[in-house]
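One structure is given here, and the rest of the page talks about it.
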Amino acid sequence: MSENYTALYEQHKKAGASFTDFGGWQMPLKYESELAEHHAVRKTAGLFDLSHMGEVWVTGPDAASFLDYALVGKLSAVAVGKAKYSLICNADGGIIDDLITYRRPAPEEGIDKYLVVPNAGNAKVVAAALLERAAGFDVVVEDASAETSLIAVQGPNAEAILLKLVPAEQHALVTELKYYAAVEVSINGQDLLLARTGYTGEDGFEIYIPNVDAAGLWEALLEAGEGHGLIPAGLAARDSLRLEAGMPLYGNELSRHVNAYAAGLGPVVSLAKESDFIGRDALTAIKAAGVGSALGQKLVGLKGTGRRAARAHYSVLKDGSLIGEVTSGQPSPTLGYPIALAYVDVEHSEPGTIVDVDLRGKAEPFEVVGLPFYKRVK
């Protein structure tokens, strides 16, 4: 059993959550129905506890140049108040983690400040890697994960719910906040960092708050969400939502054995930035080779033509020969048919290609399709 519990564990217990181990944390898998939670996020709103995620602050005169070296993206080009999706890689180009980095206002002249948010199971690994890579840079790397909770409100009604807890004079800070941007705003009487980000394919917000205040905010959001269809949602709904949105999950689509180009994340890598970065040589060579990976595989979307769903580790076949493996798969609650992500040989990766998935001894046809499977109407 996991040893880590979020500051909201008692709230989840009271709400009747079923728990599961995720990244060493006891997290709510679902409350009453993962299907109802999924549909709530698509149609109204869902409330998520993401406090298992990590929060690492990078501050100092060299913060921008340091992150340019430590990550594959050009973080120095990110404007204050904005965020960027990036990767931290090994020297061989393998992915240690995918993460979001927020550039925050400078605490004083000549000092830059960033918040790096790694995934749950990788938080300590990423913090340690950043500390190791900080040698020679004038920066302070502070892992604040243990003291910080993260709560997300996701769905079409997320903004309306949040506005009920934000003073009227700050409403414009919320309504004008762009996707992948963050701002300090008063929420339920506290000055907190609010980001317009998420992992569901819907509009929504993520709120960073000290652990001691997390339960109060959770309850306030639930109360504000009454009449707006807000319900708490667990990891099962989060997984089905992110799969429909074509978003990779570390440990499924991403790992140290996968590189950015195989995973369809080539645009995240900035080979054009002037500074060196860890993994540059390997990723340059991989891109020059013109294949998704050393094995010539690429991440694709698969749409089932029948009713049975593919699951992680199921074999993908073409004319009876093994050409790949499913990384994530399940029936899509929104679309009404099975969907999956899989690594397949590049020559079979074009949309429209028909392949088979071995569903426990029976080959079922699936079509290669472009990602995402689902995209919200704005």
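A few comments on the model shown:
- Residues located in the range 302-338, provided they are of a type outside the set (K, R), within 23 Å of L35 (Cα to Cα) and in contact with a Gly (Cβ under 7 Å, 6 or more places away or on another chain): A309, A310, A312, Y337, P338
- Residues located in the range 336-347, provided they are open to solvent by 40 Å² or more (accessible area, probe 1.4 Å) and not in a loop (DSSP other than H, G, I, E, B): V346, E347
- Residue in the range 242-260 that is of a type in the set (S, T, N, Q), open to solvent by 20 Å² or more (accessible area, probe 1.4 Å) and part of a strand (DSSP E or B) present: no
- If the condition is being hydrophobic (A, V, I, L, M, F, W, C) and either under 19 Å from N4 (Cβ atoms) or surrounded by fewer than 20 Cβ atoms within 10 Å (Cβ to Cβ) (or both), then the range 199-223 contributes I209, V212, A214, A215, W218, A220, L222.
- Scanning the range 160-186 for residues that are under 15 Å from L230 (Cβ atoms), open to solvent by less than 50 Å² (accessible area, probe 1.4 Å) and touching a residue at least 24 places away in the same chain (Cβ under 8 Å) gives A160, I161, L162, L165.
- Single condition G304 does not satisfy, out of (1) under 30 Å from L67 (Cα atoms); (2) touching a Phe, Trp or Tyr at 6+ places or on another chain (Cβ under 6 Å); (3) touching a residue at least 60 places away in the same chain (Cβ under 8 Å): (1)
- Summed over the range 89-147, the residues that are touching a helix residue (DSSP H, G or I) at 6+ places or on another chain (Cβ under 8 Å), among the charged types (D, E, K, R) and assigned to a loop (DSSP other than H, G, I, E, B) give a count of 1.
- Q26 vs. criteria among the polar types (S, T, N, Q) and out of contact with any Ser or Thr (no Cβ under 9 Å at 6 or more places or on another chain): no
- The range 260-310, subset among the acidic types (D, E) and modelled with pLDDT of 95 or more, residue farthest from P248 (Cα to Cα): D276
- Failed condition for P372, given (1) assigned to a strand (DSSP E or B); (2) in contact with a Gly (Cβ under 6 Å, 6 or more places away or on another chain); (3) farther than 22 Å from N90 by Cβ; (4) in contact (Cβ under 8 Å) with a residue 60 or more places away in the chain: (1)
- Scanning the range 346-360 for residues that are farther than 30 Å from D203 by Cβ and modelled with pLDDT of 95 or more yields H348, S349, E350, G352, T353, I354, V355, D356, V357, D358, L359.
- 2 or more residues surrounded by 17 or more Cβ atoms within 10 Å (Cβ to Cβ) and not aromatic (F, W, Y): qualifying strands (runs of 3 or more DSSP E) within the range 10-81: 25-30, 45-49, 56-60
- D191 being of a type outside the set (F, W, Y), open to solvent by 20 Å² or more (accessible area, probe 1.4 Å) and in a strand (DSSP E or B): yes
The values are calculated or read from the model by the stated rules, or taken from the named source; none is laboratory data. Model, not experiment: these values are computed from the prediction. FYI the Cβ positions are ideal-geometry reconstructions off the backbone, even for glycines, and counts take in every protein chain you see. Surface accessibility is based on the protein's heavy atoms, side chains included, excluding ligands, DNA and RNA. Shrake-Rupley method; radii C 1.70, N 1.55, O 1.52, S 1.80 Å.
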